[in-house]
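Down below is the structure, laid out as structure tokens.
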Amino acid sequence: MADFKTHLLGATLVSGLASTALISLDEASVTEALGYWVVGSVAGLLPDIDSDNSIALEWLFSGLGVVAACLIIVGGSSQLGILSLWLLAALGFVLVRYLGLWVFAGFTVHRGILHSWLANAFFALLGLWLSYIWLNTGAKVAWGVAAFIWLGASIHLLLDECYSVDLMGARLKSSWGSAAKLTDFTQPGASLLLLLATLLMAHEAPSANSWGRLWRLDWSQVSWF
């Protein structure tokens, strides 16, 4: 399989090209495009969060720990003293960062359900809703975030499959087909729950009509060089 640097570089390059194209097509401001670029680059690491030794997994739970600590500070600022507040926030960070990671790692298998096209769709729609509701970005930017999460995570799956081909020996390695799969059919219950969550988020999602102009463009008129 491709390593951490390859996944990050691949997702960064493709997301950079796509976000630059949106600027040239007047579909995104420079600020929005930079945000999409970052989102797509980070999303290139998402499928590996089910690896117990994954750097992406450590980053994810470190970020969640910071979010938990911030929420504790904001929520308890009017009732607790400064030292008590910060001690509680530190405890929240430690619990999420280490205990949460340990529990998550214990319930996931590398290249399992989270390393699939279904999981990519789930991640993309989850990003859409976090952007739309939490960051209040509006429907167009939220769908842009979803698209770049899908793009970055898909690059990850495709790179892993490319590394499953032995070009010198002209053969497929035993790992071929385990990366870019629809879902993990050995986990039918988990796959069904993930599918239902994905369909629910898709059904309730805001309209993506604001991106409709892309499909009506005369692509022959776009300057690529």
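The values are calculated or read from the model by the stated rules, or taken from the named source; none is laboratory data. Computed from a predicted model, the values in this text were never measured in an experiment. As a convention, Cβ positions derive from the backbone with ideal geometry for all residues, glycine included, and neighbour counts pool all protein chains shown. Ligands, DNA and RNA are excluded from the accessible area calculation, which covers all protein heavy atoms including side chains. Shrake-Rupley method; radii C 1.70, N 1.55, O 1.52, S 1.80 Å.
Determine whether the range 41-57 contains at least one residue that is open to solvent by 50 Å² or more (accessible area, probe 1.4 Å), closer than 26 Å to V141 by Cβ, at pLDDT 75 or above and part of a helix (DSSP H, G or I). Before the answer, list the steps.
Here is the first cut: in the range 41-57, the residues open to solvent by 50 Å² or more (accessible area, probe 1.4 Å) are 42, 52-53, 55.
Subsequent filtering for residues that are closer than 26 Å to V141 by Cβ retains 42.
Filter once more, so that each one left must be at pLDDT 75 or above: 42.
So of that shortlist, the ones also part of a helix (DSSP H, G or I) come out as 42.
Yes - at least one qualifying residue is present in the range 41-57.
Open to solvent by 30 Å² or more (accessible area, probe 1.4 Å) and at pLDDT below 90: which single residue out of W86, W117 fits that description?
Details: W117 fails: at pLDDT below 90.
Residue meeting the stated conditions: W86.
Considering only the range 57-97, how many residues are touching a residue at least 12 places away in the same chain (Cβ under 8 Å) and of a type in the set (S, T, Y)?
Adding up the residues that qualify gives 1.
Go through the range 4-22 and give me each residue that's farther than 24 Å from E161 by Cβ and modelled with pLDDT of 90 or more. Full working, then the answer.
Applying the first criterion (farther than 24 Å from E161 by Cβ) to the range 4-22 yields 19-22.
Listed by number, the residues that qualify are S19, T20, L22.
Go through the range 187-217 and count every residue that is in contact (Cβ under 8 Å) with a residue 24 or more places away in the chain and assigned to a loop (DSSP other than H, G, I, E, B).
Going through the range 187-217 one residue at a time, the tally reaches 6.
From G92, G112, G100, G65, which residue is at pLDDT below 75 and either in contact with a strand residue (DSSP E or B) (Cβ under 6 Å, 6 or more places away or on another chain) or open to solvent by less than 30 Å² (accessible area, probe 1.4 Å) (or both)? Full working, then the answer.
Values: G92 fails: at pLDDT below 75; G100 fails: at pLDDT below 75; G65 fails: at pLDDT below 75.
Going through G92, G112, G100, G65 in turn, the sole match is G112.
Just give me the residues in the range 24-37 being open to solvent by 30 Å² or more (accessible area, probe 1.4 Å) and either modelled with pLDDT of 90 or more or of a type in the set (G, A, S) (or both), in sequence order. Lay out the reasoning, then the answer.
So the first thing to find is which residues in the range 24-37 are open to solvent by 30 Å² or more (accessible area, probe 1.4 Å), and the list is 24, 26, 29-32, 34-35, 37.
Of everything in the range 24-37, those that are open to solvent by 30 Å² or more (accessible area, probe 1.4 Å) and either modelled with pLDDT of 90 or more or of a type in the set (G, A, S) (or both) turn out to be S24, S29, V30, T31, E32, L34, G35, W37.
Scan the range 1-20 residue by residue and report those that are free of Cβ contacts under 8 Å to residues at least 60 places away in the same chain and assigned to a helix (DSSP H, G or I).
Filtering the range 1-20 down to residues free of Cβ contacts under 8 Å to residues at least 60 places away in the same chain leaves 3-5, 8-9, 12-13, 16-17, 20.
Matches in the range 1-20: F4, K5, L8, L9, T12, L13, G16, L17, T20.
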